[in-house]
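Read through the structure below, which is laid out as structure tokens, and then see the notes.
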Amino acid sequence: MEALQEAAARVFAAKLARAQTLYRDPLGFADANRERVALFVTFLLATVTWLRWRAQAGAAKAVAVPDLSVFDDVDDAQIQRLKPTELVWAIGVSAKAVSVSEEGLLRGFAFSAAKSTPTEDEIFRCFCKAMAEPMNEPLDQKLVPARPTLAYFLSTRTCSDAVVARIAARLASYGVQVVTEQTLTPAMRATMQKHVAAMSSAAQAALQDSSGSAMAKSPPRACFTCLKSLPPAPEPRASGDAEADPVLHCTKCNAIYFCSGACHAKAAPNHAQQQCAAFGLQMGHREKWKIDQFPFTWSNEKQLLHAYNQVNFLTQRGIHNMGLWRRLCGCFQNRKWGELSAELRGTWGELSGADEAAKAQARFETLHLNAALFPLDKALAKAPDAIHTWQDYYEAVGLPLDDPAALLLEVPLTLWWILRQHILPLVGSQLAARPNKRLVVHLAGAEKEADLLPLFDVLLALLPGIQLCIHMVNPEMSANLTPAQAMYTSKSSVHGGSLTITLHRGVYGPEHASGEAFMTKGPADVVVIMNAALYASPAWPPTLGVLYQQRSRGTRVVCTEPMEMNVAITLEGIRKLGVSGISLETRLNPFRQPVYQWKNNVGMPSYSNGFIWGL
Ligand SMILES: [Zn+2]
Ligand SMILES: [Zn+2]
Ligand SMILES: [Zn+2]
């Protein structure tokens, strides 16, 4: 019996892991994914532990294994019955994932189970899934099951033409014609152009109608134990009080929901023992720290912007796939870290201008930011010391609160906030005495940070007179960068400071800690790890050793986390390694990204760069 239950546990774990990699992981930023996967692993371990516990308790009843066969098999008859749609679909195949979208709206997404180029089967299944059970993210998207008559592969696809041909043959049996840019006929091209035009006017209309914008008040929920979908929480009435929530939930922490008493009972022992108190504390911080409070017209306490993939939001504003905004959706998944800024800067050489000022303006325009931000190092209307919130910063640079730039500015501003709060008070007075007046920052595990290099120019105004040098290190950094692309420099004539950023491919190790790997040679003033989730990375125990060594030599190590609970999990791991605790207690980052990364099965606050703490 015990062996049987062990086997069932293994099958269950494998199925869940497969479902997760194949479909459940919505398209997102890599850091968000990393953290979601970590959360999922936590959940998985809890489930397996529970199954073991049941086996040991000698439970006579067979273990109920949820039926996830829907992820394995396509129901042929179901797809044949779907209504055909005239809308044109796009199939994107990147180095690791497949996406299926309907004129800008994501219908389906899947990671390859092997984290390599998706197989023919995976692409086919993802497409079928997108027809029969479209994902609805963002949440106000109301996509219905449908079968397109025309679908095309994006030219950036990483799969071979042979795979495309086989998929085209398989989908032809459903009446779906699949084309590539080579096989697209002029008539089809005309149809597509017509739809693209209709799409942008629809997006304009949605923008006029604020009720149709990309924000959700009551996101969908899922059972903590079996991940089954549950109805959203009731919306608050005009009087302000919400009606009672009919969904079963943990009444102590209010962070998790259940589909049934059975699922509640399954989760209860482990949850009560290990998680409930921590979850409850963090749910309490949500109110106490005003975690969901933002001043923006597009994201505020009443209506938060939410979703991993901002295609809708960006399309409505006419900035989808433009300049730096490309980092905010999944259309460019197959670009390695650092390549987006390299590509943008690649166009700068061709820009002509009468003088330096005109050239600077032309370069700025390639970023597609609000003109009010030009130049990025412009004099601020408020002293940096008087800036404590997003609202302060927007006022200081003259941005209206309906501008979405905070979605990108969270990265340089989080770094500035860490330096200003925790580093400059320690080293500020020494800076003037240094021959080069240099402040050195190591950004370990830098991801989207490496794609936003030109945006770091805002630091010139916030750190006047400082020669800031940032070294970004990540094993996933693009290997295709030329030495010129792997280095970004900028100077401010207004504030007298300068900025140098260098990109490095590799795991942050002793040669980085000592500074030997960098042109600045010496150690850093601070090592910053954004959206760290250290426990989720297989490289973290050795890296942590390096970081602790640095700390013992006097270098501060500051991390940010999307979820507060990541700190507790990391500390748990640290204790096992036998190293000592933290130097900076967890606190809210005022410059966190104003996008609530909602998780269906754990209703805890999660924001990119949400919380700051230090080793
Ligand atoms: Zn359940
Ligand atoms: Zn609880
Ligand atoms: Zn996109």
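The values are calculated or read from the model by the stated rules, or taken from the named source; none is laboratory data. Everything quoted here is computed from the prediction, not taken from an experiment. Backbone-built Cβ (ideal geometry, glycine too); neighbour counts: all protein chains shown. Each accessible area value is taken on the protein alone, full model and side chains, heavy atoms only, with ligands, DNA and RNA left out. Shrake-Rupley method; radii C 1.70, N 1.55, O 1.52, S 1.80 Å.
In what sequence, highest mean first, do 416-422, 431-437 appear when ranked by Cβ atoms within 10 angstrom?
By packing density, highest mean first, the sequence is 416-422, 431-437.
For Cys559, which sequence-distant residues (separation of 5 or more, or a different chain) have an amide H within less than 5 Å of its own amide H, given hydrogens modelled in the peptide plane?
Residues meeting the criterion, in which the H sits 1.01 Å from N, are Ile529, Trp613, Gly614, Leu615.
Taking 0.36 nm per residue of sequence separation and subtracting the Cα-Cα distance, how much length would be gained by fully extending the chain between Ala244 and Ala169, in nm to one decimal?
Length difference between fully extended and current span is 21.8 nm.
Taking square-rooted eigenvalues a ≥ b ≥ c of the alpha carbon gyration tensor, is segment 221-288 rounded, prolate or oblate, where a/c under 1.5 means rounded and, failing that, a/b exceeding b/c means prolate?
Since a/c reaches 1.5 but b/c is at least a/b, the shape of segment 221-288 is classed as oblate.
Can you work out the PRE-style zone for Glu301? Point 7 Å along Cα to Cβ, and I want the residues of segment 578-615 with backbone N under 18 Å.
What the label zone holds, given the 18 Å backbone N cut-off, is 588-592, 594-596, 605-606.
With a ≥ b ≥ c the root eigenvalues of the C-alpha gyration tensor of segment 274-353, is it rounded (a/c under 1.5), prolate (a/b larger than b/c) or oblate?
Prolate shape, in that a/c is at least 1.5 and a/b is the bigger ratio.
Enter the accessible area per residue of segment 335-614 (Å², integer; probe 1.4 Å; all protein chains in place).
Ligands and nucleic acids excluded, the figure is 36 Å² per residue.
Which of the pairs Lys336/Lys599; Lys228/Lys599; Lys129/Lys336; Lys290/Lys448; Lys378/Lys491; Lys359/Lys491 have their Cα atoms more than 18 Å apart in this structure?
Lys336/Lys599; Lys129/Lys336; Lys290/Lys448
Multiply the residue gap between Thr520 and Thr482 by 0.36 nm, knock off their C-alpha separation, and tell me the result in nm, one decimal place.
Values: separation 38, 0.36 × 38 = 13.68 nm, distance 1.94 nm.
Here the segment from Thr520 to Thr482 would lengthen by 11.7 nm.
If you count, for each residue, the other Cβ atoms within 10 Å and average over each peptide, how do 396-402, 96-102 line up from highest to lowest?
Peptide ranking by packing, descending: 96-102, 396-402.
Of the heavy-atom accessible surface of segment 310-440 (probe 1.4 angstrom), what whole percent is carbon and sulfur?
Carbon-and-sulfur percentage of accessible area, whole number: 53.
What's the FRET efficiency of Leu87 with Ser552 using the Cβ-Cβ distance as r and R₀ = 56 Å, to the nearest 0.05?
According to the calculation, E is roughly 0.40.
Take each of the peptides 286-297, 540-551, average the number of other beta-carbon atoms within 10 Å over its residues, and list them starting from the highest.
Descending packing order for the listed peptides: 540-551, 286-297.
How far apart, in nanometres, would the label points at Leu401 and Thr185 be if each is projected 7 angstrom from Cα along the Cα-to-Cβ direction?
So the label points at Leu401 and Thr185 sit 5.5 nm apart.
Calculate the spin-label point distance for Glu133 paired with Gln421, positioning each point 7 Å from the Cα along the beta-carbon direction, and give it in nanometres.
The answer from the label model is 4.1 nm.
For segment 468-511, which whole percent of the accessible surface, found with a 1.4 angstrom probe, sits on carbon and sulfur atoms?
Ligands and nucleic acids excluded, carbon and sulfur reach 54 percent.
Would you mind telling me the share, in percent, of accessible area of segment 512-615 contributed by carbon and sulfur at probe 1.4 angstrom?
That share works out to 55 percent.
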